[in-house]
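Engineer: The structure's right below; bear with me while I get my questions together.
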Amino acid sequence: MFNVLSVLQSFVLYMPFLYFPEDKSEYIPAAISMAIFGVACVLTFVLIKRVSKKQELKTKEIEERINRERNSKHV
């Protein structure tokens, strides 16, 4: 009977799912694609922040206009 602990230990010890190439130049395409996606993530984050800031300003303007209209009706 297989012991679950021994199966897990052998799986973790041998780690058959990991691949470390002998030729380290195989890391270059992975590093390039990771850098591209990292830059894309940063640019997307900055774009979202800019759009959010513009929407915040528009919302404040609308809120101020509504408050002015309410105040003018009550006076």
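Engineer: If you place +1 on the Cβ of every Lys and Arg and -1 on the Cβ of every Asp and Glu, how big does the dipole about the Cα centre of the stretch 23-74 come out, in debye to the nearest 20?
Structural biologist: 500 debye
Engineer: Would you mind ranking GLU22, GLU69 by Cβ crowding within 10 Å, fewest neighbours first?
Structural biologist: GLU22, GLU69
Engineer: Lysines near LYS58 by alpha-carbon distance under 27 Å, same-chain residues fewer than 8 away left out - which ones?
Structural biologist: In chain and number order, the partners are LYS49, LYS73.
Engineer: Kindly put SER52, SER25 in sequence by how many other C-beta atoms sit within 10 Å of each C-beta, fewest to most.
Structural biologist: Fewest to most other Cβ atoms nearby, the residues stand as SER25, SER52.
Engineer: Something else now. Just from its helices, what would the mean residue ellipticity at 222 nm be for the chain, if runs of 4 or more DSSP H residues each count -39500 (n - 2.57) and the sum is divided by every residue, rounded to the nearest 500 deg cm²/dmol?
Structural biologist: Calculated at 222 nm, the ellipticity per residue is -28500 deg cm²/dmol.
Engineer: Oh, and also: Dipole of the chain (Lys/Arg Cβ +1, Asp/Glu Cβ -1, origin at the Cα centre): which of ILE32, PHE45, SER6 lies farthest to the positive side?
Structural biologist: The residue sitting farthest along the positive end of the dipole is PHE45.
FYI, it's all coordinate maths here, none of it is from the lab. Here the structure is a predicted model, which means the values were calculated and not measured. With ideal geometry, Cβ positions are generated from the backbone for all residues, glycine too; neighbour counts draw on all protein chains shown.
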